[in-house]
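S.K.: Please see the structure below; I have some questions.
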Amino acid sequence: MSKEIKTWSDDVKVGIWDDQWDLTLYDDKAILHMPYVKWTNNSGSLASHTTRFSADDNIYKKFAKIAKQEAEDGEDYTDAIQELIWDY
């Protein structure tokens, strides 16, 4: 059973919709839920894409490092997480 370590989320504008992304860090994986516009013919609808990162992935290690730093500093590093997932 995976142990949840930290969840980050923030608002994001997706086409005409206001939604949010979220990233949950577990001790053995990270799960990212990212909204997007799904187009079918000429009609767009709000959808969500889920990405799983294993503990062996370099980006997971960066998430874990930020979580550790956040706990040590008592600060909110959501912006740092957002930069990582936007660059992914």
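S.K.: Quick one: which of Lys3/Lys62; Lys13/Lys68; Lys38/Lys61; Lys38/Lys65 span more than 27 angstrom between C-alpha atoms?
M.R.: Correct reply: Lys13/Lys68; Lys38/Lys61; Lys38/Lys65.
S.K.: Here's another thing I want to ask about it. May I ask which residue of Ala80, Thr7, Ala30 lies farthest towards the positive end of the charge dipole of the chain, with charges of +1 (Lys, Arg) and -1 (Asp, Glu) on Cβ and the Cα centre as origin?
M.R.: The listed residue farthest towards the positive side: Ala30.
S.K.: Continuing with this model, one more query. For Ser45, what charge total do you get from the other residues with a beta carbon under 13 Å from its beta carbon, if Lys and Arg give +1 and Asp and Glu give -1?
M.R.: 0
S.K.: So what J values fall out for region 33-43 if you push phi through Karplus, 6.51 cos²θ - 1.76 cosθ + 1.60 with θ = phi - 60°, rounded to Hz, Gly and Pro as x?
M.R.: Couplings: 10, 10, x, 7, 8, 9, 9, 10, 6, 10, 10 Hz.
S.K.: Let me ask something additional. To the nearest 20 Debye, how big is the dipole of the chain about its Cα centre, given +1 on the beta carbon of each Lys and Arg and -1 on that of each Asp and Glu?
M.R.: Here the size comes out at about 460 debye.
S.K.: Next question. Can you list the HN-Hα couplings for region 52-61, worked out from phi with the Karplus curve (6.51, -1.76, 1.60; θ = phi - 60°), rounded to whole Hz and with x for Gly and Pro?
M.R.: Each residue of region 52-61 in turn: 10, 10, 7, 5, 7, 6, 4, 5, 4, 4 Hz.
S.K.: Among the GluC sites (Glu not before Pro) in the chain, which ones are in a DSSP loop with at most 15 other Cβ atoms within 10 Å of the Cβ? Mind listing them?
M.R.: Here the sparse-neighbourhood loop sites are Glu75.
S.K.: Rg and Dmax of the chain, Cα atoms, in Å?
M.R.: So, for the chain, Rg and Dmax equal 14.4, 49 Å respectively.
Only the coordinates and a few stated rules stand behind these numbers; no lab work does. Keep in mind it's a predicted model, so treat the numbers as computed, not measured. Quick reminder, even Gly has a Cβ in these numbers, built from the backbone with ideal geometry, and neighbours come from all protein chains shown.
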